[in-house]
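Single-structure report; data block below.
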Amino acid sequence: MRRVGAGGGPGTARGAAPVTAEGRYRVLVAGYSVSSYGTFLNMVALNLFVYATTDSALAIGLFMAVRLGAGFLAGTVAGRVQARFGVKPVMLWANIAQAVVMFLLVVTPDGGLRTGVLFTVSAVVGACGTVFMVALRSSIPDLVGADRRAWANSLMVGGRSLAMVAGFASSGVVVPWLGFTAAFLVDAASFVVCAAAVAWLPGIERAPEPPRAPDEPRRKHGVWAAMTALATVPALGLMMCLRTVDALGSSSHNAALPVYSSTLHPDDPAAFVSRFWLFWALGNVLAQQVIQRWAKRSGRAVGAFGFGLGTIVMSSAFILGFAGFPMAATVLIALVAGAADGLTEVSYTSHLQTLPETLRGHAFGLTATVENLGFGLGMIGVSAALESFSAFTVVAWSHGLAIVVAGIYLLRLYAVHGAGEEGTSGAYGSRRDGAEVSGS
């Protein structure tokens, strides 16, 4: 693996101090956070606009289905696209494409054509968002070095959490006061900012694969390469299974929260939802600060055990969040849920980044696919279940399943870790990376 240049390159003035790789990564995260703000702003604006344009609640569901479906399909090919065209071009054009379709939505006149453009926007945003995230996550070890990946992942997740708070909070101001056109232009501009941050990066060089010997079996690519990683790395397949179940749990509290808040506060359900997500995001940001400091001091990533433990704490907290506690206790529960969610995100991403370069992009593509699948199927099943069962019951069953799978995952990790202490080293890399693969 080769890191990007620590200094020089585009944007370095003669005589000025060179820009470090970490400095460039901070600029990239800033650009990503800006685009995330636009994305979260338009999660509200686009759904409202779809309903205003079509006057159909079914259209909102179809709009989300197209977005998730496009993300699902993009995940199956994201690793191959990245290997074919390179990380930087993929991230650059993924942002440019999203900016173009948002601007296209602004200039399209009212009528049936606008409805078609809306669903084009949904497909492009879903597919390009997935491809961009696969490229970003898989390239972090190349951008900052493998020993700094926990810090880098935490910085990325923290920036996205802050963007979520700002996006959801400002949607209640931008859309009513400035209108849909302003919201769409802000989103388009946010993708341009992210594209500019990507363009400022030097090229990300990776060592080419050695030529295949005549008697060597043909190398696997795409989903087959990712499946090879699952079969090779201890507990990685179970880890991805837990991630899929976790996505199902996420669909339950996303779908149940508006129902639950309407029951608690029928006069102002939005107030409860906004407070819950605000404290969730604050917990996430606080967790990233702790993780960054710990990673800087220890030089280690969170570890695979952190993913299992974080999932149990997070799912338990979401269940308690629907148990009818007073508001003061509920916001503290949301704070814990956000902190644990941030821990699981960083530990999961850091773990997959221990894979070799030839498998990393394919593995991240596969995980994006199963996450979209779990969330999409979960939204369908959970929405149907909420017609017959209470929000607490639905969330308890969905997150309870995640807790059970997380327990099995931790037992499996414990067994693998015990074998490692008897002399089995990690599947890839040095002992530091290998220890993370085996769960320390």
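Computing the accessible area with a 1.4 Å probe over protein heavy atoms, can you report the carbon and sulfur percentage for region 36-186?
Working: 4380 of 5930 Å².
On region 36-186, the fraction of accessible area on carbon and sulfur atoms equals 74 percent.
Please list, ordered by chain and number, the residues whose modelled amide H lies under 5 Å from the amide H of residue 325; skip anything fewer than 5 residues away on the same chain.
Answer set, sorted by chain and number: none.
Give the shape of region 28-92 as rounded, prolate or oblate, defined through the alpha-carbon gyration tensor: a ≥ b ≥ c are the square roots of its eigenvalues, a/c under 1.5 means rounded, and otherwise the shape is prolate if a/b is larger than b/c and oblate if not.
Working: a/c = 4.09, a/b = 1.62, b/c = 2.53.
Note, shape of region 28-92 comes out oblate.
Show 357, 387, 345 ordered by accessible area, largest first, where the area counts protein heavy atoms only and the probe is 1.4 Å. The partial results should precede the final answer.
Working: 357 40, 387 155, 345 15 Å².
Reading off the accessible areas and sorting them downward yields 387, 357, 345.
Averaged per residue, what accessible surface does region 306-360 expose to a 1.4 Å probe, in Å²? Numbers along the way, then the final one.
Values: 1490 Å² over 55 residues.
Per-residue value: 27 Å².
Quick check on region 62-105: take the gyration tensor over C-alpha atoms, sort the square-rooted eigenvalues as a ≥ b ≥ c, and tell me if it's rounded (a/c under 1.5), prolate or oblate. Walk me through the numbers on the way to the answer.
On the way: a/c = 4.28, a/b = 1.23, b/c = 3.47.
In terms of gyration-tensor shape, oblate.
If you roll a 1.4 Å probe over the heavy atoms of the protein chains, what accessible area per residue do you get for region 56-132, in Å²? Spell out each step's value before the answer.
On the way: 3450 Å² over 77 residues.
Each residue of region 56-132 exposes 45 Å² on average to a 1.4 Å probe.
Once phi is turned into θ = phi - 60°, what whole-Hz ³J(HN,Hα) does the Karplus curve with 6.51, -1.76 and 1.60 give for every residue of region 380-396, x standing for Gly and Pro?
5, x, 5, 4, 5, 5, 5, 6, 10, 10, 6, 4, 4, 5, 5, 5, 5
Rounded if a/c is under 1.5, else prolate if a/b beats b/c, else oblate: with a ≥ b ≥ c from the C-alpha gyration tensor eigenvalues square-rooted, which is region 327-384? All intermediate terms of the calculation are to be shown ahead of the outcome.
On the way: a/c = 6.71, a/b = 1.44, b/c = 4.66.
Here region 327-384 falls in the oblate category.
At a 10 angstrom cut-off on C-beta neighbours, averaged per residue, how do the peptides 179-185, 42-48 rank from highest to lowest?
Numbers: 179-185: 17.7, 42-48: 20.0.
My ranking of the peptides, most packed first, is 42-48, 179-185.
The values are calculated or read from the model by the stated rules, or taken from the named source; none is laboratory data. Given the structure is predicted, the values throughout are model-derived calculations rather than measurements. For neighbour counting, all protein chains shown are included, and Cβ atoms are generated from backbone atoms with ideal geometry for every residue, glycine included. All accessible areas refer to the heavy atoms of the entire protein, side chains included, with ligands and DNA or RNA removed. Shrake-Rupley method; radii C 1.70, N 1.55, O 1.52, S 1.80 Å.
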